[in-house]
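The values are calculated or read from the model by the stated rules, or taken from the named source; none is laboratory data. This one's a predicted model, so the numbers in the text were calculated from it and none came from an experiment. Backbone-built Cβ (ideal geometry, glycine too); neighbour counts: all protein chains shown. The accessibility values were calculated without ligands, DNA or RNA, using every heavy atom of the protein model including side chains. Shrake-Rupley method; radii C 1.70, N 1.55, O 1.52, S 1.80 Å.
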Amino acid sequence: MGNKTDFLNMNIAELNKHYVSLKERYAEYKNQTMKLDMSRGKPCPEQLELSKSMLDIVTSSDSLKAIDGSDCLNYGGVDGIPEAKELFSQILGVSSNEIIIGGNSSLTLMHDTVSRAMLHGVYGSELPWGKHSTVKFLCPSPGYDRHFAICELSNIEMIAVDMLNDGPDMDAVEKLVSQDDTIKGIWCVPKYSNPDGITYSDQTVDRLANMQTKERDFRVFWDDAYTVHHLTDKPDHLKNILSACKEAGNPDRVFIFTSTSKVTFPGAGVAAMAASVENINYIRKQIAVQTIGPDKINQLRHFRFLKDIDHLRSHMEKHAAIIRPKFEMVLNKLDSELGGKNIATWNKPNGGYFISLNTLDSCAKIVVKMAADAGVTLTPAGATFPYGKDLRDRNIRIAPTFPSLKELEKSIEILCVCIQLASINKILAER
Ligand code: PLP
C-alpha cells in the first residue's frame, strides 16, 4: 500500500475531490485582490536598519585618511584602501595582495571581467576571447539569471549543467572542459547557491581546481556572494578555491567575487574580487585605464563600521535573526501543505537568500501564472536557467527575505494551492 497522501497514488475520484476544494480556496484568494511579492532577493527594511548608523561614521569632523595615510577625499588607490583589502582578505581567505576592491557592485566586476576577457583576453591568453568564433561558458543550473544575462550580452554560448546536492555535476563538467576548447569559463555560486542554497563539497572544489581543461585560459567565475550569510549557528564550510587551485598547479584558474550588498546596503555597498597575484596585477593595469580610483569614502565608511571579521560575524547574526523566522515559516508551510504529496521537492538551506522548489515536470510556468493571477509575484519560471529555458519546467525560486512574515505566510499558502491544482491537472491529464 502506498502513502495515502501521495497524489500519484490517488484515484481519479479522490483527486477530483481535492481539486474542488482547492479550487474554492484559490477562488477565495483571488477575490481578496492581494498584491504580494516573493520575487525579490533583497533585504527587508529591518535588515537595512542594522547598518543605518554607518551613515554617521564618516563626517566632515572625522579624519578621512586611510590607515596608510592616503586621503580618501582625493584621487588614488585604484585597488582600494588597505583596511578594505584586509577585511575582504579575511572574508575570502586570501592575501591582501590578491584583492582588488571595486565599486558598489560585484555584478559590475563580473560583467567587466567578462567584457575585458572578450576584448583583451585574460592573463596568459594568446588571443582575446572575442577573437574566437565561438566562446562558451558552463552554467550550473538552476543558477543566477544575471550571470546568464552577462553571457547573452557578450554573445557567449551557454551550456547548462545540472546542479547536484554538492555542486555542479562534475562528471559532466570534467568531460565537457576536457573535450571542448571553446569553453572558456564556468559560473559558480559556491556557497548557499542562488537559488538552491547548496554549498559545494570539498571534492567539488578540488575537482574544479584540478580538472584538465582543453582551453589553457579557462577561468572559474566564483561568485561567493553569500559567503558570510548564514542562517544557522552551524554554517556550511566551503573549501578555499584559490588555495586548491595553487595546490593543483593551476593558480590562475579562478576569479573570486563578493560584496557587502547584503551585509550593509544593496546598491551602496562595496564589492571586491580576488585571484592570483598575476591575475590581479594584469587586471589592476586594465582597471587603471577605466578609473583613477573607486569611491574610497564609502570604503572608509564600511570598514570603520564593519571593523573586523568578528564584528562582521556578529552583524550577520543580526541579519540571520531577522530572516531566519521567514525561512522557517516558508519551510514549515511547504511541509504542512505539500509534505507527503509527492508533487514537489525543496531545499532547506543553511544560508543565503533563497529556497528553490521543484514541482512535477511541466508545472512551474502554470504555477507562476496562477499565483500571479491570485496576486502573488514570483520570479518568472525558467529565469534560473540559461536563455530562460527550464527544459523540465519545474523550478521555482522563492525569495523569503523582503516580505513581512504575514505577507509571506499568505503568499506561500497561495503558492501551495497553485502547485496542488497544477499537479492534479497534470496527473489527471496523464491518466
Ligand atoms: N551574485 C549573486 C549570486 C546574487 O544573488 C546577487 C544578488 O542577488 C549578486 C551577485 C549581486 O551582487 P552585487 O549587489 O554585489 O552586484
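Asp162 satisfies every condition listed in (1) under 22 Å from Thr379 (Cβ atoms); (2) away from the ligand (no atom under 16 Å from the Cβ); (3) crowded, with 23+ Cβ neighbours inside 10 Å except (3).
Of Ile156, Ile150, Ile81, Ile101, which residue is within 25 Å of Thr260 (Cα to Cα) and away from the ligand (no atom under 16 Å from the Cβ)?
Details: Ile156 fails: within 25 Å of Thr260 (Cα to Cα); Ile150 fails: away from the ligand (no atom under 16 Å from the Cβ); Ile101 fails: away from the ligand (no atom under 16 Å from the Cβ).
Within the list Ile156, Ile150, Ile81, Ile101, the selection yields Ile81.
For segment 15-34, filtered to residues that are open to solvent by less than 90 Å² (accessible area, probe 1.4 Å) and hydroxyl-bearing (Ser, Thr, Tyr), the residue that is farthest from Lys426 (Cα to Cα) is Tyr29. Remark: Lys318 matches the filter, which requires a residue to be assigned by TED's automatic domain parsing to the domain that holds Ile414 and surrounded by 13 or more Cβ atoms within 10 Å (Cβ to Cβ).
Quick check on Val94: is it in a loop (DSSP other than H, G, I, E, B), more than 16 Å from the ligand (Cβ to nearest atom), under 16 Å from Ile183 (Cβ atoms) and open to solvent by less than 20 Å² (accessible area, probe 1.4 Å)? So Val94 does not fit the description; no. Within segment 1-27, being modelled with pLDDT of 95 or more and assigned to a loop (DSSP other than H, G, I, E, B) holds for Asp6, Met10, Asn11.
One residue stands out in segment 114-147 among those that are among the polar types (S, T, N, Q) and surrounded by fewer than 23 Cβ atoms within 10 Å (Cβ to Cβ): the one that is farthest from the ligand (Cβ to nearest atom), namely Ser133.
Test Thr108 against the stated conditions and say whether it is surrounded by fewer than 17 Cβ atoms within 10 Å (Cβ to Cβ), among the hydroxyl-bearing types (Ser, Thr, Tyr) and either within 14 Å of the ligand (Cβ to nearest atom) or within 29 Å of Asp162 (Cα to Cα) (or both). Against the criterion (surrounded by fewer than 17 Cβ atoms within 10 Å (Cβ to Cβ), among the hydroxyl-bearing types (Ser, Thr, Tyr) and either within 14 Å of the ligand (Cβ to nearest atom) or within 29 Å of Asp162 (Cα to Cα) (or both)), Thr108 qualifies. The listed residues are Leu36, Leu50, and the only one of them that is at pLDDT below 95 and not aromatic (Phe, Trp, Tyr) turns out to be Leu36. For segment 391-405, how many residues meet the condition of being part of a loop (DSSP other than H, G, I, E, B) and either open to solvent by 20 Å² or more (accessible area, probe 1.4 Å) or not assigned by TED's automatic domain parsing to the domain that holds Arg324 (or both)? Qualifying residue count for the region: 6.
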